[in-house]
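The values are calculated or read from the model by the stated rules, or taken from the named source; none is laboratory data. Quick caveat: nothing in here was measured; it's all calculated off a predicted structure. FYI the Cβ positions are ideal-geometry reconstructions off the backbone, even for glycines, and counts take in every protein chain you see.
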2 protein chains.
Amino acid sequence: MSSGSEKRSVSYRDAGVDVDAGNRAVEEIREAVRSTYRPEVVGDIGGFGGLFSFAAAREKYRDPILVSGTDGVGTKLKVAFMANRHDTVGIDAVAMCVNDVLAQGAEPLFFLDYLAVGKLAPLQVKEIVSGVAAGCRESGCALIGGETAEMPGFYAPGEYDIAGFCVGVAERDALLPRGVGPGDALVGLPSSGLHSNGFSLVRKIFFDMAGMKVSDFVPALSSTLGDALLEPTRLYPRVVLPLLQGGHGQAKDRLGRVKGVVHVTGGGFRDNIPRALPPGSGARVRLGTWPVPEVFRLIQRLGDVPDPEMYAVFNMGIGMILITDDADAVINDLASRGERAFAIGEVIRGTGVEMN
Amino acid sequence: MSSGSEKRSVSYRDAGVDVDAGNRAVEEIREAVRSTYRPEVVGDIGGFGGLFSFAAAREKYRDPILVSGTDGVGTKLKVAFMANRHDTVGIDAVAMCVNDVLAQGAEPLFFLDYLAVGKLAPLQVKEIVSGVAAGCRESGCALIGGETAEMPGFYAPGEYDIAGFCVGVAERDALLPRGVGPGDALVGLPSSGLHSNGFSLVRKIFFDMAGMKVSDFVPALSSTLGDALLEPTRLYPRVVLPLLQGGHGQAKDRLGRVKGVVHVTGGGFRDNIPRALPPGSGARVRLGTWPVPEVFRLIQRLGDVPDPEMYAVFNMGIGMILITDDADAVINDLASRGERAFAIGEVIRGTGVEMN
């Protein structure tokens, strides 16, 4: 029992944790969170767990497979700290996860975020979570839970880490990849820029080697360096889901059109394309078949980075690759919806990824 | 295109990211991950997303609700760094999530972890993930995915953050809390110690104020300070799930026995008990009805922390509370399985949590 000597007594707040600020942060994000809800969401913010009804999916999918992904934003966050701009990294956290889920042929259903901060600033949390909510709305997935952890002495004041978790669903026999083989075409979808990979290299080149600042206006990029680097990762579900088979018995005519989806994430072309290929198959990517955005050329020039390294680290302007036996049909379908796509190569006998 | 001047060229590895170390880390954790698999797991480590078949649950649950939780370990990690011991924090990450899922009446199904490290050391990653896998096995949930992010300049070498994400399932009409009201009893289940909350205060008191070290042997705790503080968070699923209703049509006789489950997590008794109470109900907790572990007495004495603060930050020896209309039956059921439990109070008309 406490002896009550006020001088020496210490509270959780003295130790740097402000539970009331946490409660205020929850109030600040309530509306953003609700804006993402789908009919399947049960209850409201504040329970021990997030609730999502599987009843509709239970009817839609005969043999449902839950597909889950988790990812963070990496050291792109350091650029957000430098630019003091926090409304985009939440979109990145969502995109990195939902694009992984999509790569397995699944429809994203719901998302949770983990946010660890050095010092809980409710308005900064609101800014970050507004990005998460925007990413969820754009991907059609509900933001049903999250954790905001105040960890003093762990992150510098004003700094934080964020990770996301997404669950989607696919019919078992529509899981991707399926049936990929030599002769299939690679159709590339444009990225929105760097997405959320390679930022340790990016920061070394722009800030350490070239001595640039986030506020520098870069004519080649038609923007400040900070804005160009913080361009949010593109969310592909709305573009790609219509090309995939839906639930049991749906869109049977599309079965086989898209056989694999590659999320060009950490490891770039070199590591990610093989994840969608069966043993004995490799890929040939034809350089020059799509426009490489200026930001990549600038990185390569300033850092004198060899080509193979560029393609092993960055998306080089292609954030997602569809593997299909009918590239024309896929590209036409996308064009009819106003989406650009490029025939960038093909699956070949062999191993690895040839680029020429 | 690169000019090839080797001197100035910079690689991802130069920037502090070692993709090959990442691949080695995946090899190191493969067996631990597989040890957690349940029959529903589809495929193997290495895909873009983790796959879990919902076919069995589709049959077992008429109106299935997916229940998800995410949490981290907080600044308990700092103690792990000080003690250079990394095989327990993974258990904490699992426990913090599965205990939240359990609090909604759900059976944990699968888990994913997010691990962000300053410098990727495959053996350290193996140690951490072996803890995650142990926690998953003990909770009966499959470890189906994870992300290990190398973030140089973000975390100090040897330091890291970890977050977890768990998905469970419950029949809609068995979700908790349900039907809690005045007169119901609170049955407390012992914690294993501090669990993973309040560590900013704990560290301030032991290390800053008392000047102690993790290697100090503390007679009152019969262990070193480090071992006492790092005692993993208790995993409650195996103990509590048998008391809950299972799928549709199962264990009908148990329906109503346990009406609510409180995970005594961040915010302690004060914030968590009300999360399971309907409007107009409060709780009375009778102090002295369970043994408060020595570690809490030591914290209170060294920090001269007032009682209300202790109960608003720590679990004080009770890590989970079952709300029931038949405390004797619940306590006897637990006793028959060798589990201790204490009648610690009751639900009353009013608001908040009285402690006397």
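Structure notes:
- Scanning the range B:156-170 for residues that are surrounded by fewer than 21 Cβ atoms within 10 Å (Cβ to Cβ) and in contact (Cβ under 8 Å) with a residue 60 or more places away in the chain, we see that the one that is nearest to B:D92 (Cα to Cα) is B:E159.
- Subset of the range B:298-323 that is free of Cβ contacts under 8 Å to residues at least 60 places away in the same chain and over 17 Å from B:E354 (Cα atoms) - its residue that is nearest to the other protein chains (Cβ to nearest Cβ): B:D304
- Given (1) in the same structural domain as A:T289 (by TED's automatic domain parsing); (2) surrounded by 24 or more Cβ atoms within 10 Å (Cβ to Cβ); (3) in contact with a helix residue (DSSP H, G or I) (Cβ under 6 Å, 6 or more places away or on another chain), index of the condition A:H195 fails: (3)
- Among residues of the range B:44-65 that are facing chain A (nearest Cβ under 7 Å) and in contact (Cβ under 8 Å) with a residue 24 or more places away in the chain, those with a beta-carbon under 6 Å from a residue that is in a helix (DSSP H, G or I) and of a type in the set (D, E, K, R) at least six positions away or on a different chain give the pairs B:G49/A:D100; B:D63/B:R172; B:I65/B:R172.
- Checklist (1) of a type outside the set (F, W, Y); (2) over 30 Å from A:F206 (Cβ atoms); (3) part of a loop (DSSP other than H, G, I, E, B) applied to B:I91, failing item: (3)
- Residue in the range A:177-184 that is within 12 Å of another protein chain (Cβ to nearest Cβ), within 23 Å of the chain's Cα centre (by Cα) and not basic (K, R) present: yes
- On inspection, B:G105 passes the criterion of being crowded, with 22+ Cβ neighbours inside 10 Å and either assigned to a loop (DSSP other than H, G, I, E, B) or in the same structural domain as B:H263 (by TED's automatic domain parsing) (or both).
- Given (1) assigned to a strand (DSSP E or B); (2) closer than 30 Å to A:R58 by Cβ, number of the condition B:P177 does not satisfy: (1)
- In the set (1) surrounded by fewer than 18 Cβ atoms within 10 Å (Cβ to Cβ); (2) touching a Lys or Arg at 6+ places or on another chain (Cβ under 7 Å); (3) of a type in the set (A, V, I, L, M, F, W, C), A:L287 fails one condition alone, (2).
- Meets criteria (within 10 Å of another protein chain (Cβ to nearest Cβ), touching a Pro at 6+ places or on another chain (Cβ under 7 Å) and at pLDDT below 90) for B:V17: yes
- Condition met for A:I29 (surrounded by 14 or more Cβ atoms within 10 Å (Cβ to Cβ), out of contact with any His (no Cβ under 8 Å at 6 or more places or on another chain) and either closer than 28 Å to B:L51 by Cα or at pLDDT below 80 (or both)): no
- Pairs, first within 18 Å of B:G317 (Cβ to Cβ) in the range B:197-212, second polar (S, T, N, Q), C-beta under 8 Å, six or more apart: B:N197/B:T265; B:N197/B:N315; B:F199/B:T75; B:L201/A:S11
- When A:A106 is tested against (1) more than 8 Å from chain B (Cβ to nearest Cβ); (2) within 18 Å of the chain's Cα centre (by Cα); (3) farther than 27 Å from A:D20 by Cβ, exactly one condition is not met: (1).
- Once the range B:149-165 is narrowed to residues that are at the interface with chain A (Cβ under 8 Å from one of its Cβ atoms) and within 18 Å of the chain's Cα centre (by Cα), the residue that is nearest to A:K76 (Cα to Cα) is B:D161.
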